[in-house]
Amino acid sequence: MAKNKQHFPKIGPIGYEGPASGNPLAFRHYNPEERIDGRTLREHLRFSIAYWHSFRGVGSDPFGPGTIRREWERGTDPISVAKARMDAGFEFFTKIGAPFWCFHDRDIAPEGRTLAESNRHLDALVAHAKALQKATGVKLLWGTANLFSNPRYMCGAATNPDAHVFAYAAAQVKKALEVTLELGGENYVFWGGREGYETLLNTNLKREQDHLAAFLHMAVAYAKEIGFKGQFLIEPKPKEPTKHQYDFDVASGIAFLRTYGLDRHFKFNIETNHATLAGHTFPHEIEVAAAVGMLGSIDANAGDLLLGWDTDQFNTDAKELTLAMVSILRAGGLGSGGLNFDAKLRRPSIDPADLFYAHIGGFDTYALAFKTARRILADGKFTEFVAERYSSYDAGFGKDIERRKVGFKDLERLVLKTLGEPVPRSGRQEKLENLLNTYLH
């Protein structure tokens, strides 16, 4: 950051003051130095700031232009403005206490008139970011390429019907992988923002999916070539902007990756708002990924169920996040992934302080959910109930079913001669929902 230049001069480092605090610029539940099971809360939660929303978001929505104006955006030289913006970003990261940040290539550096010029711009900002990371200790959780904003990608990138666009996208991802490696990124994300179609009247669906798989195989090969050992992540989204996206949800993503022999190279970056747009809950998507060992990272936000688009709000729903954290902890955590606040301020929240309030609320709610989830798992009441509910598969013919040692004939004989008619057993949903509330209140 520029010497003696502060972009948030009225706000100091955000500290932990405990649940009784009334200070809106302090954490009530997130104490980064609190040690749990031999690790600090900072190490458990691995919070990350999404550069595109926090430092490129301007408060625009589908019905109007931006409302947010930042002092660091003033200037006529786009590279100088981008460096000032990044200085502001790292000041915010350090004051909020985030150990990680994330970006798209075009978030941090302006796109040039040619790919070569765009790459030069990116090199300049990557050098600046590398110096800021070294000075602050903030690390890169993941990088990615913006393959959706420029008009060239109006019909997709890897799934574009024009091979020229495919080639351009490949060159852009090549560079994005190189800069992610340069900055020590622990993961690399593929979000197919326009990898889908609007109508089958002009689409060869199989050919597009074949091309997407070829693109991802090329990425795997190039990562190996340059020595990038970070985790590749797929971020599913069902729609918006494209009506039929090929990465609709985790389940369709698993099917795609397995079909094309890519499943051992990829895990999933699950976004809360994308889960609900797909008609799922956030914990459902976590469980589907965890069931096949492909849970990688989380984009921490929320949608508005009364609106039909990706609103990317800060999530302060302690119940939803507690259930999500139960699933994450039961899966063994996120590994090299983290909790990335892919969330943006509401359109009327235009002051710099609002950026702090929003992230404080997000950090606190996830910290509270983490602690509550640990209590739920430690008490074991839900675990015991579920274990008992499936206990008929622990021995006898149930165990033989799971081991695939019996067939239809064996089971028919058993029902006719011994078992007879099953006796229904209650799932106790209402009782369990009441039990959950005892942890939340």
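The values are calculated or read from the model by the stated rules, or taken from the named source; none is laboratory data. Given the structure is predicted, the values throughout are model-derived calculations rather than measurements. Using ideal geometry, Cβ is built from the backbone for each residue, glycine included, and neighbour counts are taken over all protein chains shown. Accessible surface areas use protein heavy atoms only, side chains included; no ligands, DNA or RNA. Shrake-Rupley method; radii C 1.70, N 1.55, O 1.52, S 1.80 Å.
Across the alpha-carbon atoms of segment 101-148, the computed radius of gyration and Dmax are 11.3, 34 angstrom. The share of accessible area on the chain that comes from carbon and sulfur is 54 percent, using a 1.4 angstrom probe.
Centroid-to-centroid, using Cα positions, segment 204-239 and segment 295-344 are 24 Å apart.
The value of relative contact order for segment 153-264, using C-alpha pairs under 8 Å at least six residues apart, is 31 percent. Only alpha carbons enter this Debye calculation for segment 217-269, each as an equal point scatterer, and the log10 of I(q)/I(0) it gives at q = 0.24 Å⁻¹ is -0.93. Averaging 1/r over each pair of different alpha-carbon atoms in segment 1-134 and inverting the result gives 16.8 Å, the Kirkwood hydrodynamic radius. Put simply, the C-alpha atoms of segment 233-347 give a gyration tensor, and the ellipsoid matching it has half-axes of 22, 18, 11 Å, longest first. Comparing Ala169, Thr136, Thr180 along the charge dipole axis of segment 78-216, the residue lying farthest to the positive side is Thr136, per the Cβ-charge model. Charge tally around Arg56: other residues with Cβ under 13 Å, Lys/Arg +1 each, Asp/Glu -1 each, net -2. Once each of the trypsin sites (Lys or Arg not before Pro) sitting in a DSSP loop with at most 11 other beta-carbon atoms within 10 Å is removed, the chain keeps 265-402 as its longest stretch.
For the chain, relative contact order (Cα pairs under 8 Å, six or more residues apart, normalised by length) works out to 15 percent. Translational diffusion of segment 1-75 was estimated from the Stokes-Einstein equation, with Rh taken as the Kirkwood radius over Cα pairs; at 37 °C and 0.692 mPa s the coefficient is 207 µm²/s. Taking 0.36 nm per residue of separation and subtracting the Cα-Cα distance, full extension of the segment from Ser60 to Asp410 would add 119.7 nm.
Normalised size of segment 69-151, defined as Cα radius of gyration per 2.2 N^0.38 Å with N residues, equals 1.10. The modelled label-to-label distance between Tyr357 and Val386, using points 7 Å beyond Cα along the C-beta direction, is 3.7 nm. A viscosity of 0.890 mPa s and a temperature of 25 °C, combined with the Kirkwood radius over C-alpha pairs in the Stokes-Einstein formula, give segment 312-441 a diffusion coefficient of 131 µm²/s. A 1.4 Å probe run over the protein chains yields, for the chain, 50 Å² of accessible area per residue, whole-number rounding.
Across all directions, the average flat footprint of the convex hull enclosing the Cα atoms of the chain is 25.7 nm².
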